[in-house]
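K.L.:
To start, I am sharing the structure in question, which I have written as structure tokens.
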Number of protein chains: 2
Amino acid sequence: MTLWFYVALAAGLAAVLYGWLQSRSIMAADAGTDRMKEIASAIQEGANAYLKRQYTTIAMVGVVVVVLLVIAFRNWEVPLGFVIGAVLSGAAGFIGMKVSVQANVRTTQAASKSLAGGLAMAFKSGAVTGLLVVGLALIGVVVYYGLLTGAVGYEPSDRAVVDGLVALGFGASLISIFARLGGGIFTKGADVGGDMVGKVEAGIPEDDPRNAATIADNVGDNVGDCAGMAADLFETYAVTIVATMVLGAIYFSGLGYLGSIMLLPLAICAVCILASIAGTWFVKLGKGSTNIMGALYKGLIATGIFSLIGLAVAINWGLPNGFGVLDGAGAALGLATTVTGMDLFLCGVAGLGVTALIVVITEYYTGTGYRPVKSVAKSSESGHGTNVIQGLAVSLESTALPAITIIAGIILTFNLAGLYGIAIATTTMLALAGMIVALDAFGPVTDNAGGIAEMSDLPGSVRDTTDALDAVGNTTKAVTKGYAIGSAGLGALVLFAAYSEDLKYFAVNAAEGSVLQGVAVNFSIANPYVVVGLLFGGLLPFLFGGMSMMAVGRAAQSVVEEVRRQFREMPGIMKGEVKPDYSRAVDILTRAAIKEMVVPSMLPVLSPIVLLLVIWWIAGISSALAAVGAMLLGVIVTGLFVAISMTSGGGAWDNAKKYIEDGNHGGKGSEAHKAAVTGDTVGDPYKDTAGPAVNPMIKITNIVALLMLAVLAH
Amino acid sequence: MTLWFYVALAAGLAAVLYGWLQSRSIMAADAGTDRMKEIASAIQEGANAYLKRQYTTIAMVGVVVVVLLVIAFRNWEVPLGFVIGAVLSGAAGFIGMKVSVQANVRTTQAASKSLAGGLAMAFKSGAVTGLLVVGLALIGVVVYYGLLTGAVGYEPSDRAVVDGLVALGFGASLISIFARLGGGIFTKGADVGGDMVGKVEAGIPEDDPRNAATIADNVGDNVGDCAGMAADLFETYAVTIVATMVLGAIYFSGLGYLGSIMLLPLAICAVCILASIAGTWFVKLGKGSTNIMGALYKGLIATGIFSLIGLAVAINWGLPNGFGVLDGAGAALGLATTVTGMDLFLCGVAGLGVTALIVVITEYYTGTGYRPVKSVAKSSESGHGTNVIQGLAVSLESTALPAITIIAGIILTFNLAGLYGIAIATTTMLALAGMIVALDAFGPVTDNAGGIAEMSDLPGSVRDTTDALDAVGNTTKAVTKGYAIGSAGLGALVLFAAYSEDLKYFAVNAAEGSVLQGVAVNFSIANPYVVVGLLFGGLLPFLFGGMSMMAVGRAAQSVVEEVRRQFREMPGIMKGEVKPDYSRAVDILTRAAIKEMVVPSMLPVLSPIVLLLVIWWIAGISSALAAVGAMLLGVIVTGLFVAISMTSGGGAWDNAKKYIEDGNHGGKGSEAHKAAVTGDTVGDPYKDTAGPAVNPMIKITNIVALLMLAVLAH
């Protein structure tokens, strides 16, 4: 083990330590009045109850998967990798949620004193989640890689190492899709259902304590936007590191510095974790300033600059020849030119550049200061229909610039260092995840803080402060989702390359009698089975999106019926004399979300398997492998656009409503505002359920395909 | 020239003759009261004025294109082909519209006597448009092919023939995208704008004569849903025949029966035209029956059965060995097996099967009798937001089964006769276009008939009859769009094959010094430039959709302002004392639609050129050609899903509203109905502007790429 192994381990531990210290400081803060504590504890109970049931269900699926992996692989490396990935991914989400439900009420309390205090508390909570996500993921990969290559003594490019790491990614992905989808259905079921029966039918304001769904709505913010998002980014981060290591193991397997190449992604992640920790200190409101977004961006920009320096350090001392020529790398990567450390450094810089551009583009499409959100707000004046039309138009248009950014990133980094260059760019992009998740996880805390302020009858000025924080949260949430799906787009070729290079490897090295022996696969788009795969992959995000939108609709319906029932059977609720039964609403929604998450989650797991078997039966193994490979690209080609359009469109609708509430186009209560509320409702499942779940869906499809190859090779 | 050349010519002439006779019989029918005639003539004037301006604009663009083609090709075959395609495509739309604006008032008059009479009149008008579309397209291709190979004496596989036919397709496509988009923006701008200001602001019913936008709305049905749709299907039909002929010329160029192969798609279209004419006689309501959809389907099924028989005739007498083995075809197509006439027959049957399945699936997703529409109607009970969420969910889900049908069609026909088998299936699928267009063009006539009934103060029972006809029109319109885009999906590989086979041909045969000489293109999806092309192609339908939705929004806004102005400046309008200035509304909308259609239409024309030049500059001609090829598939992979989701979703929203108006969930005027009106408004630009325009967009991208290759080869 070289120095960078220990640096990566230390960085991971530093992230966890940072999280622990910060959460202690959160817990030490004032939690406000008894009424506030009472509400917060109701949210905590609900969130615990939901996550307990969710993790129980996932654990049952997980046990089945472990058994299947044991049967299929007959080794310990794959099942153990799966368990490590699953447990750590679950832990990151769970701990993040635990901190977030403590921080919400303390944010309300701090916001009652000052905006800067509220921001500091909410961001501190977000930073805990963010650094836990990257810290635990890095520790998981580092420790398991160390165990396999150090303690057990495998060569870095041994299949057992590759398969074990891929399985770790699979574990993380499987948790992630359940958590994203289950949490997404819960939170939007509560939000949409609560609004429908509260705002529309009963005519009471949002977060009114008389609405039995309010606690569920707040619980949803924590289990969906916090725990679900954390699991998603954990998975994206882990899968990207793993894919980059796998590609490194394949391309550089004959070269003397393979060990350094395997550690390079870990080194990049390590320096970026340290950069993220340093960056968190820059998130501060200047004296008298109210520019919350500016404060958050200061932290992000600082992280970016520190990461740039760290990247240079990692390249200079992580590669055998520093910024100089990597001997034999050009030929190994199939390029006509040499490849230098400088080339890889520039790929990393490109990854940071893609991140920066996606942040700017998302800000443009979802911020209240620019044309798109203003146009949606303006169109609300002429009614519900035109608001939705303009919102859909913005959502479709918002895909173009991110796609062009990703295309430019692919071309640039491929020309620097081939497919491995794209992998390094994607890794560097995701190495910032600690800071990005911090910005995102800040959102649900402020959302909760506002709800608690409303329910505790705190003065309106507190709600105004939390609302200001919450508005920024809408944009940062859209940014994270754009970032996650953008990394999937940039990484598309990396994941496909892992698949196609694996195939080449197995064609030579598969076990005697395996169908993969000597197989030659034609991946040309002139091969009809490639087109079949592209179309089949292309339909998955659409079908998946439709299924999850319908699931939200059904979950919302169950909430509506329960709240209606409570209003009917307990007339004292409306008069404020009787407290509604919050926990029953949480319970009903929990059941609905858990039930609804299973079928759509199985879609990406089963699709590669079914496609392989069907085409194998019709046209033989070679065509089947071509179709599955094309499917991996097809699911990204449509998934990228579906996900970006949903998340940006949803953000634009949400902020168009906020823009009107700030007094434009007639302000709150006007006809334009009613139309904007409709748009916001439509955007909810778009941006918080269907859209973000596309990202783990893409990853699962890819990971399952890789594992399928390993099974076939036996 | 063999027998089948003359049969095809005769069938084309028969279709035109049928159209002429039917339109004479329409003109001879009673046009109702003076008030009705007055309204109808206002619609005629408006439609004429719009089409005149649209065709003037297109003609200007067309002249520029002709000049560019003359400069680029320095021959007469390409520019002449372009002119033939453009003129005939424009003529089909123009004549169809002319008949439709005569038939609308006569349908109102006939519907005031009986449902069967109304159906007969409206369908007769649709059949004229349908048969003109296929008749003129077939005549155009047959005559130009005859001119080039007969009179001028080129070999059937000569490049001049191929380029000339492709240019004919380009002419048709260019008209088509302008007509689809301009007409779509006009009709939905009038519809959405008129509803917003009339129903929502002024509280007057749809088609109320006091609304200055009513005539424009009726004009829109004719210029968008009739003329625009006719141009679209003309283009789809012509491009598919041309692509099949081009593929035939490439694959069979060394074989003795090349002439028969070139005529095979023309023969299939000929027999199917005759089958469509025969099928029209089966569209009749049984005595006392009110099952309009059933009557239309009787006609479609009869056409299908006759086409099956005709297909057998065409194969048996069109191929040298009938249903037997085609000597050398297997090897020519790159297959390990022989290919028989029976195989090609079965490919045609598969094309008919795909058509049938797409009709059934579309009917399921947009008919009022099934789960999807009912679920949208039910979700309207809880508000505008949930209606839109459920509608979007249905629209996303509705893409899956058509995609799987197309995938199955590709696999089946490829296994029968390689890529040429897919081409024959696509040709047969489109050969039914005469009947399908008849079912579609029936819709705008009934829509107009209802408007005329409303404006002429005819008894409510007349409006009920036309409403019953109109509801069926919603589903048949969705069916046509699904059919058009489905054929593009099935034909994706055919268009791409034309591109890649052309490349192979030019690598050997390009002019001395051409960049295409000896070029070898790597179309593997492991090539990053292929992925770049897929992503770039993938973004086009999204960006195009966003742009056209925004264009509708702006056009609607201009209508709203004009109608508001008239209400304000002429207070007598609301009292019914003063007639609003209908023609000014038509004029304003005309300007808006013409202005808005140009930029989005240029997107697919310029995209292949820009992509080629940029990648050429960065990475050389070979990578650039790979990227452009992948772009052709990318635009279909996302375009298929975007278009189907928009057209089916829009149909579902429209019919959910109709379902509620039939007395379900509270009926007309209920809160559920208001929510359903919102969904319908959203669905309007989805299904009638953005969604259907994706189909010509795909074709243009492909055709421009083919012409680009021909230019590069010089």
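K.L.:
Short version: ³J(HN,Hα) in whole Hz for each residue of the stretch B:540-554, in order, from phi by Karplus 6.51 cos²θ - 1.76 cosθ + 1.60 (θ = phi - 60°), x for Gly and Pro, what are they?
P.N.:
4, x, 5, 5, 4, x, x, 5, 6, 5, 5, 4, 4, x, 5
K.L.:
Scattering from the C-alpha atoms of the stretch A:418-460 alone, worked out with Debye: what is log10 I(q)/I(0) at q = 0.15, 0.28, 0.33 1/Å?
P.N.:
-0.55, -0.88, -0.99
K.L.:
Next up: To one decimal in nm, how far is residue B:459 from the same spot in the other copies, if labels go 7 Å from Cα toward Cβ? Please give the shortest first.
P.N.:
Once sorted, the set of distances for residue B:459 reads 7.2 nm.
K.L.:
Using a label point 7 angstrom from Cα along Cα-to-C-beta, what distances in nm, from shortest up, separate residue A:568 from the other copies?
P.N.:
4.8
K.L.:
Sorted by packing (mean other beta-carbon atoms within 10 Å per residue), highest first, where do A:276-288, B:478-490, B:702-714, A:214-226 land? Display every interim value, and only then the final one.
P.N.:
On the way: A:276-288: 17.9, B:478-490: 27.9, B:702-714: 21.7, A:214-226: 30.9.
So the order, starting with the most tightly packed, is A:214-226, B:478-490, B:702-714, A:276-288.
K.L.:
For the residue pair residue A:461 and residue B:321, what label-to-label distance in nm results when each label sits 7 Å from Cα along the Cα-to-beta-carbon direction?
P.N.:
9.4 nm
K.L.:
Once Rh is set to the Kirkwood radius over Cα pairs, what Stokes-Einstein translational diffusion coefficient, in µm²/s, holds for the stretch B:364-419 at a temperature of 37 °C and a viscosity of 0.692 mPa s?
P.N.:
Details: Rh = 13.0 Å.
Translational diffusion coefficient: 252 µm²/s.
K.L.:
Here's a follow-up. Starting from the eigenvalues of the Cα gyration tensor, five times each then square-rooted, give me the equivalent ellipsoid semi-axes of the stretch B:462-518, largest first, whole Å. Before the final figure, lay out each step's value.
P.N.:
Details: eigenvalues 495, 20, 5 Å².
Over the Cα atoms of the stretch B:462-518, the semi-axes work out to 50, 10, 5 Å.
K.L.:
Am I reading the B/A interface right? What is its buried accessible area, both sides, 1.4 Å probe, to the nearest 100 Å²? Before the final figure, lay out each step's value.
P.N.:
Details: alone 23610 and 23600 Å², together 41220 Å².
Buried area between the two chains comes out at roughly 6000 Å².
K.L.:
Indicate the gyration tensor shape class of the stretch B:543-693 (rounded, prolate or oblate), computed on the Cα atoms with a ≥ b ≥ c the square roots of the eigenvalues: a/c under 1.5 is rounded; otherwise a/b larger than b/c is prolate and the rest oblate. Provide the component values of the computation, followed by the final result.
P.N.:
Numbers: a/c = 4.85, a/b = 1.72, b/c = 2.81.
It is oblate, given that a/c is not under 1.5 and a/b is not larger than b/c.
K.L.:
Quick check: from the Cα gyration tensor, does the protein assembly as shown come out rounded (a/c under 1.5), prolate or oblate? Intermediate results must be reported in sequence, preceding the final value.
P.N.:
Numbers: a/c = 2.00, a/b = 1.23, b/c = 1.63.
Because a/c hits 1.5 or more and a/b fails to exceed b/c, the protein assembly as shown counts as oblate.
K.L.:
Within the protein assembly as shown, what whole-number % of the accessible surface is contributed by carbon and sulfur, with the 1.4 Å probe and all protein chains included in the calculation?
P.N.:
64 percent
K.L.:
Any idea what angle helix B:3-27 forms with the longest principal axis of chain B, computed on alpha-carbon atoms, 0 to 90 degrees, nearest 10?
P.N.:
So the helix axis and the longest Cα principal axis differ by about 10 degrees.
K.L.:
Give the accessible surface of chain B per residue, rounded to a whole number of Å², with probe radius 1.4 Å and ligands, DNA and RNA excluded.
P.N.:
Working: 20610 Å² over 714 residues.
It amounts to 29 Å² per residue over chain B.
K.L.:
Taking the Cα centre of the protein assembly as shown as the origin and placing charges on Cβ (Lys, Arg +1; Asp, Glu -1), which of B:338, B:439, A:41 is farthest toward the positive end of the dipole?
P.N.:
A:41
K.L.:
Would you mind listing the distances between the residue B:204 label point and the same position in each other copy? Use 7 Å along Cα-to-C-beta, nm, one decimal, shortest first.
P.N.:
4.3
K.L.:
Continuing with this model, one more query. Report the local net charge at residue B:189: Lys and Arg +1, Asp and Glu -1, summed over other residues whose C-beta lies under 9 Å from its C-beta.
P.N.:
Working: positive: B:188, B:554; negative: B:191, B:596.
Value of the local net charge: 0.
K.L.:
Right, something else. Mind checking which of B:303, B:176, B:114 is farthest towards the positive end of chain B's charge dipole, using Cβ charges of +1 (Lys, Arg) and -1 (Asp, Glu) about the Cα centre?
P.N.:
Most positive-ward Cα: B:114.
K.L.:
Per-residue counts of other Cβ atoms within 10 Å, averaged by peptide: what ranking do you get for A:545-553, B:333-341, highest first? If you can, show how the numbers build up before the last one.
P.N.:
Working: A:545-553: 26.8, B:333-341: 16.4.
Order by mean packing, descending: A:545-553, B:333-341.
K.L.:
Counting only Cα, what are the radius of gyration and maximum Cα-Cα distance Dmax of the stretch B:257-353, in Å?
P.N.:
17.0, 58
K.L.:
Can you give the translational diffusion coefficient of the stretch A:307-446 in µm²/s, computed by Stokes-Einstein from the Kirkwood radius over Cα pairs at 20 °C and 1.002 mPa s?
P.N.:
123 µm²/s
K.L.:
Also, quick follow-up: When you look at the Cβ of every residue in B:546-556, what mean number of other chain Cβ atoms sits within 10 Å? Walk me through the numbers before you get to the answer.
P.N.:
On the way: counts 11, 4, 2, 9, 9, 1, 4, 9, 3, 0, 5.
Counting other chains' Cβ atoms within 10 Å and averaging over B:546-556 gives 5.
K.L.:
Once ligands and nucleic acids are excluded and a 1.4 Å probe is used, how much of residue B:20 is accessible, expressed in Å² to the nearest 10?
P.N.:
140 Å²
K.L.:
What number, in nm² with one decimal, is the all-direction average of the projected area of the convex hull of the alpha-carbon atoms of the stretch B:8-141?
P.N.:
Details: hull surface 36.1 nm².
With the hull built on Cα positions only, its mean projection is 9.0 nm².
K.L.:
So, one more: Would the stretch B:169-308 count as rounded, prolate or oblate if I go by the C-alpha gyration tensor, calling it rounded below 1.5 in a/c and otherwise prolate when a/b exceeds b/c, oblate otherwise? Walk me through the numbers before you get to the answer.
P.N.:
On the way: a/c = 5.05, a/b = 1.68, b/c = 3.01.
Judged from the Cα gyration tensor, the stretch B:169-308 comes out oblate (a/c at least 1.5, b/c at or above a/b).
K.L.:
Oh, and also: State which entries of B:481/B:595; A:188/A:579; A:124/A:668 exceed 29 angstrom in Cα-Cα distance in the structure shown. Display every interim value, and only then the final one.
P.N.:
On the way: B:481/B:595 25 Å; A:188/A:579 23 Å; A:124/A:668 32 Å.
Over 29 Å apart, Cα to Cα: A:124/A:668.
K.L.:
A further question follows. How far, in degrees from 0 to 90, does helix B:34-73 lean away from the longest principal axis of the Cα atoms of chain B, to the nearest 10?
P.N.:
The angle comes out at about 20 degrees.
K.L.:
Follow-up question, since we're still on this one. Using the Cα atoms of chain A, I'd like the radius of gyration and the largest Cα-Cα distance, Dmax, both in angstrom.
P.N.:
Taking only Cα atoms of chain A, I get Rg and Dmax of 24.5, 79 Å.
K.L.:
Here's something else I'd like to know. Could you tell me the accessible area of residue B:229 in Å² (1.4 Å probe, neighbours in place), rounded to the nearest ten?
P.N.:
0 Å²
K.L.:
Next question, about the same structure. Which of the peptides A:507-515, A:30-38 is most tightly packed, and how do the rest follow, judged by the mean count of other Cβ atoms within 10 Å per residue? Could the numbers behind the result be given before it?
P.N.:
Working: A:507-515: 12.6, A:30-38: 15.8.
Going by the mean number of other Cβ atoms within 10 Å, highest first, we get A:30-38, A:507-515.
K.L.:
Could you state the angle between the C-alpha long axis of helix A:77-111 and the longest principal axis of the C-alpha atoms of chain A, as a value from 0 to 90 degrees rounded to the nearest 10?
P.N.:
30 degrees
K.L.:
Rounded to the nearest 500, what is the 222 nm mean residue ellipticity of the protein assembly as shown from helices alone, with -39500 (n - 2.57) per DSSP H run of 4+ residues and division by all residues?
P.N.:
-28500 deg cm²/dmol
K.L.:
Would you be so kind as to identify which of B:351, B:57, A:250 lies farthest towards the positive end of the dipole of the protein assembly as shown, taking Lys and Arg as +1 and Asp and Glu as -1 on Cβ and the Cα centre as origin?
P.N.:
Most positive-ward Cα: B:57.
K.L.:
Moving to a separate point now. Per residue of B:395-406, count partner chain C-beta atoms within 10 Å of its C-beta, then hand back the mean as an integer. Before the final figure, lay out the partial values.
P.N.:
Numbers: counts 4, 14, 8, 3, 8, 8, 2, 1, 7, 4, 0, 4.
What the average comes to for B:395-406 is 5.
K.L.:
On to the next question. Given charges of +1 on the Cβ of Lys and Arg and -1 on the Cβ of Asp and Glu, with all other atoms neutral, how large is the dipole of the protein assembly as shown about its Cα centre, in debye to the nearest 20? Please list the in-between numbers first.
P.N.:
Details: 80 positive and 96 negative charges, 68 e Å.
In total the dipole reaches around 320 debye.
K.L.:
Here's something else I'd like to know. At each listed q (0.25, 0.27 Å⁻¹), what is the log10 of I(q)/I(0) that the Debye formula gives for the stretch B:157-223 modelled as equal alpha-carbon point scatterers?
P.N.:
Summing over Cα pairs of the stretch B:157-223 leads to -0.95, -1.02.
K.L.:
Using the reciprocal of the averaged 1/r over all distinct C-alpha pairs, how large is the Kirkwood radius of the stretch A:317-390 in Å? Each step should come with its number before you reach the end.
P.N.:
Numbers: mean 1/r = 0.0621 Å⁻¹.
For the stretch A:317-390, the Kirkwood estimate is 16.1 Å.
K.L.:
Where the only charges are on Cβ atoms (+1 Lys, Arg; -1 Asp, Glu), what is the dipole of chain A about its Cα centre, to the nearest 20 debye? Kindly include the intermediate steps, with their values, before the conclusion.
P.N.:
On the way: 40 positive and 48 negative charges, 62 e Å.
My answer is approximately 300 debye.
K.L.:
Would you mind giving the mean number of other chain beta-carbons within 10 Å of the Cβ of each residue in A:412-421, as a whole number?
P.N.:
Values: counts 1, 1, 7, 3, 0, 0, 1, 2, 0, 1.
Partner-chain Cβ atoms within 10 Å, mean over residues of A:412-421: 2.
K.L.:
Let me spell out the model: positive unit charges on the Cβ of Lys and Arg, negative unit charges on the Cβ of Asp and Glu, origin at the Cα centre of the stretch A:593-714. What dipole size does that give, in debye rounded to 20? Numbers along the way, then the final one.
P.N.:
Working: 7 positive and 8 negative charges, 43 e Å.
Rounded to the nearest 20 debye, it is 200 debye.
K.L.:
A further question on this structure: Given q = 0.10, 0.21 Å⁻¹, what are the Debye log10 I(q)/I(0) values for the stretch B:475-618, with equal point scatterers placed on the Cα positions and solvent ignored?
P.N.:
Rounded to two decimals, the profile gives -0.62, -1.34.
The values are calculated or read from the model by the stated rules, or taken from the named source; none is laboratory data. Values in this document were obtained by computation on a predicted structure and should not be read as measured data. Glycine also receives a Cβ, built like all others from the backbone with ideal geometry; neighbour counts cover every protein chain displayed. The area values use the complete protein model at the heavy-atom level, side chains included, leaving out ligands, DNA and RNA. Shrake-Rupley method; radii C 1.70, N 1.55, O 1.52, S 1.80 Å.
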